[in-house]
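Participant: Can you keep this structure in mind? I'll have questions shortly.
Throughout, read-outs are computed from the coordinates displayed, never taken from laboratory work. Values in this document were obtained by computation on a predicted structure and should not be read as measured data. Quick reminder, even Gly has a Cβ in these numbers, built from the backbone with ideal geometry, and neighbours come from all protein chains shown.
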Amino acid sequence: MTHEPIAERIRRHLIGLKMPRALEALQTVQSQIEQGQLTALEAIEALLGEEYSTRESRRIKIALQTARLTVLKTLAGYDFSFQPSLERSRVMALAELGFIERRQCVHFLGPPGTGKSHLAVALGVEAIRAGKSVYFATLAELVDSMRKAEREGKLRERVKFLSRHSVLIVDEIGYLALGSTGGNLFFQLVNACYERCAMILTSNRGFSEWGEIFGDPVVATALLDRLLHHAIVIPIEGNSYRLREHAALIPEHLRNRPAFNEMGSPAPEKRRPGRPKREEAASLPG
């Protein structure tokens, strides 16, 4: 009775277990064993490691597509030196993903081009690598999809789908006014997410302006009541990173944009010493 060589039995096992990458690596690993470069345990680890890396890369790729993170941004690719007002340590602490377990809301506030979306996407990528489910959309896209679902009688299902993720990223709050109808729809989503999943939001407007965005101060107040209850607010000052190479072409009044404090309000404008406000100057005797 002839015995099947052990290498062939391993090949059959790998085929049966549907481990194609390990199967591809088998001959190389076998050669390394014969040359004394690997022990038996190291060879097993090498084969399993090859298969795991391939499957993990595939999982991450599919998860990124499902999350709608088509443009890959990473924390390593963010230029913290360009935005000195931003505390790098705070962002890196967020990358540890404790805010997901605590179901907190992270707010990135600042003028356009300061890297808010980059940071939001980068945290989403970190969450996906850690096995968390993520969904990314602009506020306008979310509300449009909910309006469509409402017309089709499927709003409840849509809200359930959006709120079931570990992290919901809502980008570009404040770029377009939604009106009260859109505000009410967004409130239903926020209410469903409240204390059930983590959220990351980016906005170029302070919280005091949300009444204008959502068309109703009452709705804005209800939204903020939930979104700020378990919140981490990170204001970003500075100029547009995208326009850094063309800064000289931008008018000065557009370059010097107002910053936000951690309450989401515009920071007090700095005045030069010795120069009174315009109102004060008008009241001085001539």
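Participant: Suppose each label sits 7 Å from its Cα in the direction of the beta carbon; what would the R59-E4 distance come out to in nanometres?
Facilitator: Taking the simple label geometry, R59 and E4 are separated by 2.9 nm.
Participant: So what is the diffusion coefficient of segment 53-115 in µm² per second by Stokes-Einstein at 37 °C and 0.692 mPa s, using a Kirkwood Rh over Cα pairs? Show your work: numbers first, answer last.
Facilitator: Working: Rh = 14.2 Å.
The diffusion coefficient I find is 232 µm²/s.
Participant: For the pairs K18/K132; K73/K132; K73/K148; K61/K160, note any where the Cα-Cα span goes beyond 27 Å.
Facilitator: Working: K18/K132 25 Å; K73/K132 17 Å; K73/K148 30 Å; K61/K160 24 Å.
Beyond 27 Å between Cα atoms: K73/K148.
Participant: Taking just the alpha-carbon atoms of segment 95-145, what radius of gyration and Dmax come out, in angstrom?
Facilitator: 12.0, 32
Participant: Quick check: Cα centre of segment 16-42 to Cα centre of segment 105-140, how many Å?
Facilitator: Cα centres, segment 16-42 to segment 105-140: 40 Å.
Participant: Given the Cα-Cα distance of S31 and K160 and 0.36 nm per residue of separation, how much length would full extension add, in nm?
Facilitator: Difference between extended and current length: 41.2 nm.
Participant: For segment 108-240, what does the alpha-carbon gyration tensor say about shape, rounded, prolate or oblate, given a ≥ b ≥ c as the root eigenvalues, a/c under 1.5 as rounded, and a/b over b/c as prolate?
Facilitator: On the way: a/c = 1.64, a/b = 1.11, b/c = 1.48.
Because a/c hits 1.5 or more and a/b fails to exceed b/c, segment 108-240 counts as oblate.
Participant: If R0 is 45 Å, what FRET efficiency do you get for R151 and I44 from their C-beta distance, rounded to 0.05?
Facilitator: Working: r = 57 Å, r/R0 = 1.26.
With R0 = 45 Å, the Cβ-Cβ based efficiency is 0.20.
Participant: When 1/r is averaged over all different Cα pairs and the result inverted, which Kirkwood radius in Å belongs to segment 143-186?
Facilitator: This gives a value of 11.3 Å.
Participant: Per 0.36 nm of contour for each residue apart, how much would the distance between S81 and K18 grow if the chain were fully extended, relative to their Cα-Cα spacing?
Facilitator: 18.0 nm
Participant: Once you order the gyration tensor axes a ≥ b ≥ c over the Cα atoms, which shape class does segment 25-162 get: rounded for a/c under 1.5, otherwise prolate or oblate by comparing a/b with b/c?
Facilitator: Here segment 25-162 falls in the oblate category.
Participant: May I pose another question? Counting C-alpha atoms alone, how compact is segment 1-73: give Rg to one decimal and Dmax as a whole number, in angstrom.
Facilitator: 16.4, 59
Participant: Using only the alpha-carbon atoms, what does segment 164-232 span along each of its principal axes? Please give whole angstrom values in decreasing order.
Facilitator: Principal-axis extents of segment 164-232 (Cα, largest first): 29, 21, 18 Å.
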